[in-house]
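Participant: Next up is a structure, given as structure tokens.
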Amino acid sequence: MPVNPDADIQIIAFDWVPDFARGFVRDLRPRWACEELGIDYAEELISAVKRPLDHYRLQPWGQVPVLRDGDITLFESGAIMLHLAAKDARLLPTGAQARADATAWVFAALNSVEPMMFELGNVDIFSKDEEWAKLRRPGLIDFIRTRFGRLSDALGDNDYLLGDFSIADIAMATVLREGVEAGLIAEYPRLAAYLDRCTGRPAFQRAMAAQLASFKEEPVTA
Amino acid sequence: MPVDPNAQIEITAYQSVPPFAEGRIKDQRVRWALEEIDRPYRERLIGGIFEDKPVEYLADQPFGQVPVYKEGALTLFESGAILLHLGEQDERLLPRGAVRRGRAISWMIAALNSVEPTLQTLVVLSVAGAEQDWREPAMDAARPFAAKRLAQLARALGDRDWIDDSFTIGDLMAIDVLRAAPIAMLAAHPNLAAYVERGTQRPAFGRALAAQLAAYANHSKGD
């Protein structure tokens, strides 16, 4: 079981988040990678409500995760995913082109797909009762559909983005999950099946269970 | 001058883009990195930004974007992945020690995944919302996300010249991302404005920008 208080690797995560965010906080990504590789990690849980001031020195946005591995401290889940993946060919293949493809897809998830999910979150959640959000939404949805269509074509009949499972799928599946509620993934059967395949992996299930288990019922403010 | 038709490295770029996008397309980042390490590259221009891309191009770049990077048998897409690849080859872009290397990569990804989306939203709304009544309220709602990130970034940078002891792909990406910030929003943080100025005054940045603009100018002359 990778959660181990004595592990060399530490992941900083929140000790409480609101219900809607549970299962979606980004320490899920490194937890999933560790579970895939069977690498133990220790949790260091901090308050999301009253963030320790020195946390901003490690993570300029005050967010999680942060990963410590010996002398190395990393922030941004993308950087942490690449670091963990580099430990093992099961997540980052060793052939030059396969490695390039895996890396490219990690960045594609973070910089070409996820930003649209952020804007969708603004429209559908933070501003959902605003008149402008209703008017902006159709154009945004068209744009997301174009990109999902291309992603579906690129996946083709493969089980995973590179054929075999890799870090690229941890990045892309966690991004696609952010769009499930809007109903868009369901329009692309290949993407829907891909997402089910990724989140059906035992390592994902264990990572999710570990994140959920780390939350207290009520926020700790003191 | 790194643009060389016989170079081993090839990058793709558009032949034409609308005036507001000139100098801002993401091949700029890769050109800049190549200029920093004096690596010659050739250009493959793939038509206008709004033209449909041939199916063969989508095999190299699934979203039809630029740049695609080729080096011998290797093909790579996404500017972040390309910068990481170039950094692995040259410590002037990515220091070798694990601690410094980790910091540079964290910052590069922070720029791409935590800063750029907030600024890109403003650009997208400004363009997609042209002449629409919803544009101003949508931008008003999006602006605080960007302003908050810039304030946090300014605090993290402090009074340092670069994020680390020397310029890295972390700075290159952060500065290229910050170029998209609204002028007043950037000017609210003098240290960030100076950081962008410091980066864009580097000779390699200037050569890269000139090369991107030259590609558009040659096309509009009708060659």
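Read-outs: derived from the displayed coordinates by stated rules, not from any lab. Bear in mind that the values here come from a model prediction, so they are computed numbers and not experimental data. Cβ placement follows ideal geometry from the backbone for every residue including glycine, while neighbour counts extend to all protein chains displayed.
Participant: Can you give the extra length, in nm with one decimal, that the chain gains between A:Glu187 and A:Ile141 once fully stretched, where that is 0.36 nm per residue apart less the Cα-Cα distance? Walk me through the intermediate numbers first.
Facilitator: On the way: separation 46, 0.36 × 46 = 16.56 nm, distance 1.19 nm.
Between A:Glu187 and A:Ile141, full extension yields an extra 15.4 nm.
Participant: Along Cα→Cβ, 7 Å out, is where each label goes; now give me the distance between the ones at B:Asp38 and A:Asp6 in nm to one decimal.
Facilitator: 5.4 nm
Participant: So what's the convex hull volume per residue for the Cα atoms of segment B:104-220, in Å³?
Facilitator: Normalising the Cα hull of segment B:104-220 by residue number yields 116 Å³.
Participant: Can you tell me the order of A:26-34, B:158-166, B:90-98 when each peptide is scored by its average per-residue count of other Cβ atoms within 10 angstrom, highest first? Before the final figure, lay out the partial values.
Facilitator: Values: A:26-34: 25.1, B:158-166: 13.8, B:90-98: 15.9.
Packing proxy ranking, top to bottom: A:26-34, B:90-98, B:158-166.
Participant: I would also like to ask the following. Among rounded, prolate and oblate, which fits segment A:105-222 when a ≥ b ≥ c are the square roots of the eigenvalues of its C-alpha gyration tensor, a/c under 1.5 means rounded, and a/b larger than b/c means prolate?
Facilitator: Since a/c reaches 1.5 but b/c is at least a/b, the shape of segment A:105-222 is classed as oblate.
Participant: Starting from the Cα-Cα distance between B:Arg198 and B:Glu51, subtract it from 0.36 nm times their residue separation and give me the gain in nm to one decimal. Mind showing how you got there, number by number?
Facilitator: Numbers: separation 147, 0.36 × 147 = 52.92 nm, distance 3.53 nm.
Full extension from B:Arg198 to B:Glu51 adds 49.4 nm.
Participant: When you look at the Cβ of every residue in B:136-147, what mean number of other chain Cβ atoms sits within 10 Å?
Facilitator: Across the residues of B:136-147, the mean count of other-chain Cβ atoms within 10 Å is 3.
Participant: Further question: Looking at chain A from every direction and averaging, what is the projected area of its Cα convex hull in nm²?
Facilitator: If you wrap the Cα atoms of chain A in a convex hull and average its projections, you get 13.1 nm².
Participant: My understanding is that a pair violates if its Cα-Cα distance is over 31 Å; which of B:Lys26/B:Lys221; A:Lys50/A:Lys128; A:Lys134/B:Lys70; A:Lys128/B:Lys148 do that in this structure?
Facilitator: A:Lys134/B:Lys70
Participant: Residues of segment B:137-151 with backbone nitrogen within less than 14 Å of a virtual label 7 Å along the Cα-to-Cβ line of B:Ala188, please, listed as ranges.
Facilitator: From segment B:137-151, the list is B:140-151.
Participant: Going by C-beta contacts inside 10 Å, put B:Val123, B:Val68, B:Val30, B:Val3 in order with the fewest on the left.
Facilitator: In order of increasing Cβ crowding within 10 Å: B:Val123, B:Val3, B:Val68, B:Val30.
Participant: While we're here: Applying 1/(1 + (r/R0)^6) with R0 = 41 Å to the Cβ-Cβ distance of B:Val123 and A:Glu218, what FRET efficiency is obtained, to the nearest 0.05?
Facilitator: Details: r = 41 Å, r/R0 = 0.99.
Calculated transfer efficiency: 0.50.
Participant: Please state the relative contact order of segment A:1-46 as a whole percent: Cα pairs under 8 Å, 6+ residues apart? Walk me through the numbers on the way to the answer.
Facilitator: Working: 56 pairs, mean separation 31.9, N = 46.
Relative contact order here is 69 percent.
Participant: Using the Cα atoms of chain B, I'd like the radius of gyration and the largest Cα-Cα distance, Dmax, both in angstrom.
Facilitator: 17.6, 52
Participant: Now a separate question. Please list, by residue number, everything in segment B:28-70 whose backbone N is under 12 Å from a paramagnetic label point 7 Å out along Cα→Cβ of B:Ala214.
Facilitator: B:41-43
Participant: Let me ask you something else. Residue by residue through A:131-139, how many Cβ atoms from other chains fall within 10 Å of the Cβ on average? List each step's numbers first, then the result.
Facilitator: Numbers: counts 3, 12, 4, 1, 7, 10, 1, 0, 6.
Neighbouring Cβ atoms belonging to other protein chains average 5 per residue here.
Participant: List the residues of segment A:1-26 whose backbone N lies under 11 Å from a point placed 7 Å from the Cα of A:Leu37 along the Cα-to-Cβ direction.
Facilitator: Only A:9 pass the distance filter.
Participant: Moving on. So, counting K/R as plus one and D/E as minus one, what does the shell of residues with Cβ under 13 Å around A:Asp15 add up to?
Facilitator: Charge balance in the 13 Å sphere: -1.
Participant: Still on this model: Order of A:123-131, B:135-143 by packing, highest average Cβ count within 10 Å first?
Facilitator: B:135-143, A:123-131
Participant: Could you give me D for segment A:9-65, from Stokes-Einstein at 10 °C and 1.306 mPa s, where the hydrodynamic radius is the Kirkwood radius over C-alpha pairs? Units µm² s⁻¹, please.
Facilitator: Answer, rounded: 132 µm²/s.
Participant: Under a crude label model (7 Å from the Cα following the beta-carbon direction), how far is B:Phe63 from B:Asp90 in nanometres?
Facilitator: 2.6 nm
Participant: How much net charge surrounds B:Gly102 when only the other residues with a Cβ under 13 Å from the Cβ of B:Gly102 are counted, with Lys and Arg +1 and Asp and Glu -1?
Facilitator: +1
Participant: Among A:140-153, A:71-84, how do they line up by average Cβ neighbours within 10 Å per residue, starting with the highest?
Facilitator: In decreasing order of mean packing, A:140-153, A:71-84 become A:71-84, A:140-153.
Participant: Counting only other chains, what is the mean number of Cβ atoms within 10 angstrom of the Cβ of each residue in peptide A:69-80?
Facilitator: Counting other chains' Cβ atoms within 10 Å and averaging over A:69-80 gives 6.
Participant: Which value, in Å³ per residue, describes the convex hull spanned by the Cα atoms of the protein assembly as shown? Please report the intermediate quantities before stating the final value.
Facilitator: Working: hull volume 65.8 nm³, N = 445.
Looking at the protein assembly as shown, the number lands at 148 Å³ per residue.
Participant: Also, quick follow-up: Please report the net charge: other residues with Cβ closer than 12 Å to the Cβ of A:Ala182, K and R +1, D and E -1.
Facilitator: -1
Participant: Mind sorting A:Lys216, B:Lys26 by how few other Cβ atoms lie within 10 Å of their own Cβ, fewest first?
Facilitator: If I rank by nearby Cβ atoms, fewest first, I get A:Lys216, B:Lys26.
Participant: Given contacts defined as C-alpha pairs under 8 Å and at least six residues apart, what's the relative contact order of segment B:87-223, whole-number percent?
Facilitator: Relative contact order comes out at 29 percent.
Participant: Mind sorting A:Glu187, B:Glu43 by how few other Cβ atoms lie within 10 Å of their own Cβ, fewest first?
Facilitator: A:Glu187, B:Glu43
Participant: Based on DSSP, what percent of beta bridges with both residues in chain B are antiparallel, to the nearest 5?
Facilitator: So the antiparallel bridges amount to about 50 percent of the total.
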